[in-house]
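Structure record follows, encoded as structure tokens.
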Amino acid sequence: MLIDRFNWSAALSPARNQRDAETVQFAKTALASAKREGLQLAVRARHVALAVIACLLIVINPVWEQLYYVVLLGLFALIGWAQVRVGRVGVSRSELALMFCDLALLTFIIVVPNPFATTHWPVAMQYHFGNFIYFFVLLAGAVLAYSWRTVIAVGTWTALLWMIGMAWVWWQPDRNPALTASIAAAVGSDHRLFALISPDAIEFGVRIQEIVVFMIVAATLALAVRRSNDLLIRHAAVERERGNLARYFSPNVVTELSKQDEPLKQVRTQNVAVLFVDIVGFTAFADTRTPEEVVRTLREFHGSMEQEVFRHSGTLDKYLGDGLMATFGTPFNGAHDASNALRCAQAMITAADDWNERRSAAGEPPLRVSFGLHYGPAVLGDLGKTCLEFAVIGATVNAASRLEALTRMLDCALVASDDLVSRAKAELGGAAETFRPLTAREPQAIRGIQQPILIWTQPRGS
């Protein structure tokens with residue numbers, strides 16, 4: 001009877017479809033949190049950028065008409081605040097609409113002349129100020145807060161709006177034909193120079209170059225965002241698996257496992273200490289209690305027991321209804337496996353006594369808890385094909401279970417084999433305080449072991 005199988009399916013190798021679905025859900029939660037942080041960071045960056053740009057405009061051209069652009073910068077700040085309010089993971093039409101408003105407003109500012117300006121240049125003169133670079137500020141904000149698809153959308157919408165702006169300017173009449181004629185007369189037949197300095201020239205080649213460069217940058221940033229998202233999902237999957245491992249292993253063992261590639265798949269035989277814990281008479285107790293009370297009692301008990309397992313560098317193998325199995329020296333041998341197991345059992349006895357005191361104070365009957373310990377060789381390795389289980393099997397495990405059952409006949413709290421106690425003494429020294437509660441007993445015949453074995457017991461209440 002394989003009473004010592006360990007179900008690792010939830011933590012290590014569950015069915016792939018279920019694992020992928022759970023990982024994606026876990027990653028979505030992480031992405032949602034990352035996006036909220038990104039949106040808040042983006043709006044702060046936007047406000048700082050807008051303040052810098054407002055100061056820059058006034059320094060470069062300190063005239064009253066610049067207040068028109070300062071007011072429009074306030075609209076950008078308002079749009080950024082609204083994006084934080086409606087932003088979420090996934091497709092959000094409100095969020096996309098606000099992003100488009102960002103780009104449309106910037107296009108309007110760059111293409112349409114200031115209505116409060118004292119000079120009336122041709123509309124095409126707007127292109128001579130090199131204001132297209134401000135689109136990169138909005139693109140940078142999209143990188144901080146959105147998906148790679150959204151970054152591509154920003155690039156595409158910018159190109160479309162920029163072409164619409166060019167078409168609108170191209171259809172506008174020359175507001176100062178005399179100035180244009182004077183420049184044409186001054187440059188003579190040099191058409192390239194005229195196209196470069198003419199106040200009515202759109203310079204389509206330069207405008208197309210701006211669009212192409214912007215799209216290249218947007219595509220590159222989108223690739224970087226996608227790669228970051230993939231890394232985040234992988235990290236989320238690793239953290240989820242690490243969390244699952246933490247259900248069974250102590251934190252220091254989880255750290256060691258995370259440094260190695262599939263160490264649990266290595267089939268091997270090694271010495272381990274095995275601890276079995278059980279509540280005596282729990283079946284009769286449960287028959288007279290409601291399901292809710294039964295589950296609550298088990299949760300209290302298991303919680304205090306697993307805490308001691310991890311505190312003593314053990315591995316929580318599995319729960320056995322009203323009991324549990326723990327191993328020490330899995331998946332890696334340590335210098336104090338046997339002594340850790342013994343100290344863990346003794347700490348569990350103390351924890352169980354404290355738990356019973358709380359139960360008595362609450363008017364609930366105390367429950368007897370028994371412990372069995374053995375040390376020896378066991379086989380470690382994966383079982384199964386699709387849904388794998390990590391197994392710790394062998395006579396050592398079976399003997400530990402039967403030593404725990406022996407506590408009923410001997411009326412004690414703990415029965416430990418001499419193999420375990422001798423190993424613990426070698427680890428700690430025979431005079432250690434750990435061994436004082438133990439009493440040597442006559443050899444006992446244990447089913448599955450050919451020769452009777454010497455045992456040590458610890459009484460209840462010690």
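The values are calculated or read from the model by the stated rules, or taken from the named source; none is laboratory data. Predicted model, so just to flag it, every value in this text is computed and none were measured. With ideal geometry, Cβ positions are generated from the backbone for all residues, glycine too; neighbour counts draw on all protein chains shown. Ligands, DNA and RNA are stripped out before the accessible areas are found, and what is left, the full protein with its side chains, is counted by its heavy atoms. Shrake-Rupley method; radii C 1.70, N 1.55, O 1.52, S 1.80 Å.
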- Under 5 Å, built H, 5+ apart or other chain: amide partners of Gln270: Ala378, Leu380
- Query: For the peptides 272-280, 97-105, 154-162, 125-133, what is the packing order when you average, over each peptide's residues, the other Cβ atoms within 10 Å and list the highest mean first?
  - Reply: 272-280, 154-162, 97-105, 125-133
- Message: Highest mean first, how do 414-424, 450-460, 163-173 rank when packing is the count of other Cβ atoms within 10 Å averaged over residues?
- Response: 414-424, 450-460, 163-173
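Round to a whole number: what % of the accessible area of region 321-462 belongs to carbon and sulfur, probe 1.4 Å? Don't skip to the end; give the middle numbers.
Values: 3120 of 6070 Å².
So the carbon and sulfur contribution to the accessible surface is 51 percent.
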- If r is the Cβ-Cβ distance from Leu96 to Glu364 and R0 is 60 Å, what FRET efficiency results, to the nearest 0.05? 0.55
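Roughly speaking, to the nearest percent, how much of region 64-219's 1.4 Å accessible area is carbon and sulfur?
The value for region 64-219 is 71 percent carbon and sulfur by accessible area.
Kindly report the accessible area of region 307-358 per residue (heavy atoms of protein chains, probe 1.4 Å, no ligands, DNA or RNA), in Å². Please list the in-between numbers first.
On the way: 1780 Å² over 52 residues.
Roughly 34 Å² per residue, with all protein chains present.
Under a 1.4 Å probe, what is the accessible area of region 109-203 per residue, stated in Å²?
Numbers: 5100 Å² over 95 residues.
I get 54 Å² per residue for region 109-203.
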- Message: Quick check: the distance between the Cα centres of region 328-345 and region 424-462, to the nearest angstrom?
- Response: 16 Å
